[in-house]
Amino acid sequence: MKKNEMGIFAHLKQSRYLENLPEDCLRELLSLIEYASFPQGARVVAQGERNSKVFFIIEGSVQVTADEQPLYSLARKGDIFGELSIVSNQPSQVSVEVLSDLQALTISPDSFESIQQDRSHRLSQVFYNWLARILADKLHLTSEKAKRFENINAELQASLEAQKRTSKKLAEMTAELKRSKAELEELNQLKNEFIGIASHDLRSPISSVIAVMETIPNCYSLDAEVVEVLQSVQQTCQEQLQLVNDLLDVARIESGALELDKTALSGGQFSAFLKQSCERYRLLARNKQIELRYTEDLGRKEIPSEADRPLIKLDLPKVQQVLNNLLSNAIKFTPEGGRIELSAKLDARQIKIDISDTGVGINADDMPLIFDKFRQVKGRKLGTRGEKGAGLGLAICKNLIELHQGRIWVDSVEGQGSSFSFTLPILES
């Protein structure tokens, strides 16, 4: 026996499919076998094509796939592939690609055919026994994969059932949320209607009381103490009237009934409007020894065409309401000797208004809540002279500015002061 034949013979004896075969049969089989090697990535069997050989793995590994999907891999010495296509004489149902450099022994189809046709051939029985063992192994492998598939399928079914139960529960919760939302919207509408009715019914008598309080001192000679009491009553009525007006505004805003009546203003007209708003509060600021300043940068007013051109369109009373609230708050929360500045600046496609003060400031944790309804943050429930508020003013300001397609926000450092800012869009050129 030649040296290379001895090597092949040794490999055959190590094959788990041929290990019990007598040596004389192995030697006869040796004459039918050739040695072959294939690099990594080589396709040695192609799906849909007739296979040309049966392969015994000596060293290396292969991947068996069908329709580009991996089925299993072979890497043990003596593993065999390619035999089913040879036996059935049909195109291969799988492809086999080399995973790591392959060394193999091969048997040609002609050799198989000669053994199959000659039933008396001593290798014929060996061949069928060998084929039966290969098929049994592959059936076992297929059975194991089928069991794993059944387990995975059972887990998927259980997961699907769990998802169905979860989906059903989510659907029930969604339906409940929709019902709750509808009920809350209905309650909110009823609340707004109630506030509107109650506020209208309250405003008239309060206004009448204020008128009487203003008239009595002019018609009668009263002691200073009585006049002081009347003034206190009048002040309380003014506060209650402001609360009623605020409640009416909130109800109209939330019901969508509040509409803007906009007027176009030039840069010069808007400047005059802001200056007038500032002047209204100069006396109130002076009573607390607070310096109130106005500054602006609204464009090149020295050019007549620029000064007269419509710059902005807004609802003057609503913007005046915002300015009144922010300026009165600034005075309320700024101690004597402090400073307040109202400034306006034309910035790209908007005008930015700032009302800054050197007052008590706002805690950083409270700033996100400052524009909520009925929200009075710590340290700002009373002004520096005990002035009161209902906590509606800033919420109304936010809604009015947003109705103008603007934005309002606050920057503040507790103990150093606050700067409330809002923007109003300008007209396109």
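Residue-wise test of (1) open to solvent by less than 70 Å² (accessible area, probe 1.4 Å); (2) at pLDDT 75 or above.
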{"residue": "263", "(1), (2)": "yes, yes"}
{"residue": "272", "(1), (2)": "yes, yes"}
{"residue": "293", "(1), (2)": "no, yes"}
{"residue": "303", "(1), (2)": "yes, no"}
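Considering the conditions (1) more than 39 Å from the chain's Cα centre (by Cα); (2) without any contact (Cβ under 8 Å) to a residue 24 or more places away in the chain, residue 257 is excluded by exactly one of them, (1).
Considering segment 340-349, the residues that are in contact (Cβ under 8 Å) with a residue 60 or more places away in the chain and crowded, with 17+ Cβ neighbours inside 10 Å include one that is nearest to the chain's Cα centre (by Cα), namely 346.
Within segment 227-275, the set of residues being touching a Pro at 6+ places or on another chain (Cβ under 7 Å) and part of a helix (DSSP H, G or I) comprises 227, 230.
Looking only at segment 274-287, count how many residues are of a type in the set (A, V, I, L, M) and either in contact with a Ser or Thr (Cβ under 7 Å, 6 or more places away or on another chain) or open to solvent by 20 Å² or more (accessible area, probe 1.4 Å) (or both). Explain how you work it out, then say what you get.
So in segment 274-287, the residues of a type in the set (A, V, I, L, M) come out as 274, 283-285.
After this cut, where a residue has to be either in contact with a Ser or Thr (Cβ under 7 Å, 6 or more places away or on another chain) or open to solvent by 20 Å² or more (accessible area, probe 1.4 Å) (or both) as well, the list is 283-284.
Final tally of qualifying residues: 2.
Going by the structure shown, is residue 263 in contact with a strand residue (DSSP E or B) (Cβ under 6 Å, 6 or more places away or on another chain) and in contact (Cβ under 8 Å) with a residue 12 or more places away in the chain? Answer is no for this residue. Per the conditions (1) open to solvent by 20 Å² or more (accessible area, probe 1.4 Å); (2) in contact with a helix residue (DSSP H, G or I) (Cβ under 7 Å, 6 or more places away or on another chain); (3) not basic (Lys, Arg), the sole criterion not satisfied by residue 84 is (2). Tell me yes or no: at least one residue of segment 292-307 is in contact (Cβ under 8 Å) with a residue 40 or more places away in the chain, closer than 26 Å to residue 415 by Cβ and either among the aromatic types (Phe, Trp, Tyr) or part of a helix (DSSP H, G or I) (or both). Checking segment 292-307: at least one residue is in contact (Cβ under 8 Å) with a residue 40 or more places away in the chain, closer than 26 Å to residue 415 by Cβ and either among the aromatic types (Phe, Trp, Tyr) or part of a helix (DSSP H, G or I) (or both).
Of these, 393, 383, which one is in contact with a helix residue (DSSP H, G or I) (Cβ under 6 Å, 6 or more places away or on another chain), at pLDDT below 65 and surrounded by 16 or more Cβ atoms within 10 Å (Cβ to Cβ)? Break it down into steps so the answer makes sense when it comes.
On the way: 393 fails: at pLDDT below 65.
Only one candidate passes the filter, namely 383.
Residue count for segment 396-426 satisfying the condition of being over 23 Å from residue 333 (Cβ atoms) and out of contact with any strand residue (DSSP E or B) (no Cβ under 9 Å at 6 or more places or on another chain): 1.
Looking across segment 81-100, the residues that are modelled with pLDDT under 80 and outside any loop (DSSP other than H, G, I, E, B) come down to 83, 84, 85, 86, 87, 88.
The values are calculated or read from the model by the stated rules, or taken from the named source; none is laboratory data. Just so we're clear, the structure is a prediction, and the values are computed from it rather than from any experiment. So basically every Cβ, Gly included, is an ideal-geometry build from the backbone, and we count neighbours across all protein chains shown. Just the protein is used for accessible areas: all its heavy atoms, side chains included, with ligands, DNA and RNA removed. Shrake-Rupley method; radii C 1.70, N 1.55, O 1.52, S 1.80 Å.
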